[in-house]
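Throughout, read-outs are computed from the coordinates displayed, never taken from laboratory work. Everything quoted here is computed from the prediction, not taken from an experiment. Backbone-built Cβ (ideal geometry, glycine too); neighbour counts: all protein chains shown.
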Amino acid sequence: KPKFLFISGDGNPKFSTQDVGSLYLWELPFFITGMLFLFRMKASYRWFILLWMLIGVAPAATARETPHALRIESILPTFQIITAIGVFAFLSKVSSIKYKVLSIKVKSFVIGITFLLLLINVFYYLHGYYVHYPREYSGEWQYGYKDSIAFVKKQEQNFDEVKITTELGRPYIYYLFYTKTHPDEFRKTAAIKREVFGFVNVEKLGKYSFAKDLNPMASKNKKILYVDIQSKVPDNAKILKNFYLLNGQKALVAYIL
C-alpha cells in the first residue's frame, strides 16, 4: 500500500512515527525508476529480487494485522536495492547531458535539488522521532510501568498483595526486569496461563497479581495495593501516587481502599 510504504507507515505507533512511511517519500520516484530500469535492461537477477519480495510478503499477508512492518522485514533490502538502481539510472541520465556551461548548471541544479529533498525528508523524520514521537506515543511503550514499579517495590513490604493492571500490556515482564527477579523464583511462584493464540500470560507472581479487571474492594483481612489506569480507580480510593506519560497524561495510579 502506498500509504503504508511512503506516507504514514504501520498503523501501530510501535512500528512507525505515524507521519513517515516505512520508506522515505523521496524514494518513491527512484523506486519506480528502478523497477522500470530493471526490466528495461533485462537484468538476470530481476526475477530473483521480485520473487524475494513476494515470498517475504506472503506469510505476513495471512496474519490478522496487515500490512505489518515487522512481519515483512524478510523482504529487506529488496526495496533499497531497487531504489539504488533507480538512483543510479537517474544519475546516469543526468551525467549523459553534454558538457556545456548551461548543461553543467542544469545538472548541478537537478542533483542539488534531489539531495536537498533527501536531506529534508531525513531531517523531518529525525525531528519527529526524537522530539515529537516520545511525547505523543510514550504510552505505547508502557512508559508508566518503570516509575510505578520503583514505587511499588518500596511499598510492597507494607501489603499482603499487590494487584497490577494489564491494560497497558503485560506488566509481569517489566516487574521481572526492574526488580531483577531471579529466574528460579519466577519458576517457583508464577501462575501461567496460555491463550488460544499461543500468547502466554502470567497471572500471579509471588504477592503480585496481574489482571485487566482488578475488582478493587476493601478487605479487613488483607492489605492490598492497587495499580490501575485512571478511569478504573474507584471514587472512594485513597491515591498514593500518580504516574505520568511524557505528554503529561496520567498513565497509572497507585491507590488503596
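Of note:
- Extreme residue, positive dipole direction of the chain, given options Gly198, Tyr130, Leu91 (C-beta unit charges): Leu91
- Between helix 78-95 and the chain: long-axis angle, C-alpha atoms, 0 to 90°, nearest 10: 30 degrees
- Sequence ranges 56-63, 205-212, 69-76, ranked by mean other-Cβ count within 10 angstrom, highest first: 205-212, 69-76, 56-63
- Between the listed residues Gly169, Tyr208, Trp26, the Cα displaced farthest toward the positive end of the dipole of the chain, a dipole computed from Cβ unit charges relative to the Cα centre, is found at Trp26.
- Hits among aspartates and glutamates - C-alpha to C-alpha of Lys223 under 13 Å, sequence gap 8 or more where chains match: Glu156, Asp160, Glu161
- Sorted from greatest to least, the principal axis extents spanned by the alpha carbons of the range 192-257 come out as 39, 36, 18 Å.
- Its relative contact order, with pairs defined as Cα atoms under 8 Å and 6+ residues apart, puts the range 1-114 at 26 percent.
- At R0 = 22 Å, FRET efficiency that the Cβ-Cβ distance of Ile7 and Phe197 yields, to 0.05: 0.15
- Total charge dipole magnitude, the chain, about the Cα centre, Cβ charges on Lys, Arg, Asp, Glu only, Debye to nearest 20: 480 debye
- Tilt relative to the chain, helix 46-61 - C-alpha long axis, 0 to 90 degrees, to 10: 20 degrees
- Residues Lys250 and Glu73, FRET efficiency given R0 of 35 Å [Cβ-Cβ distance, rounded to 0.05]: 0.50
- Residues considered: Met53, Met35, Met217. Largest GNM mean-square fluctuation over the chain, using C-alpha springs under 10 Å, is found at Met217.
- The length gained on full extension between Glu140 and Glu65, counted as 0.36 nm times the residue separation minus their Cα-Cα distance, comes to 25.3 nm.
- Candidates Thr114, Thr166, Thr33: whichever shows maximal mean-square fluctuation once the chain is modelled as a Gaussian network with Cα springs under 10 Å: Thr114
- Listed residues Tyr125, Tyr45, Tyr137, most fluctuating in the chain (Gaussian network, C-alpha, under 10 Å): Tyr45
- If you plug the beta carbon distance of Leu119 and Gln80 into 1/(1 + (r/R0)^6) with R0 = 22 Å, you get a FRET efficiency near 0.80.
- Dipole axis of the chain (+1 Lys, Arg; -1 Asp, Glu on Cβ), positive-most option in Asn221, Asn247, Gln80: Gln80
- Across the cross-link table entries Lys3/Lys212; Lys180/Lys220; Lys14/Lys93; Lys212/Lys241, which are compared at the Cα atoms, the separations over 29 Å belong to Lys3/Lys212; Lys180/Lys220; Lys14/Lys93.
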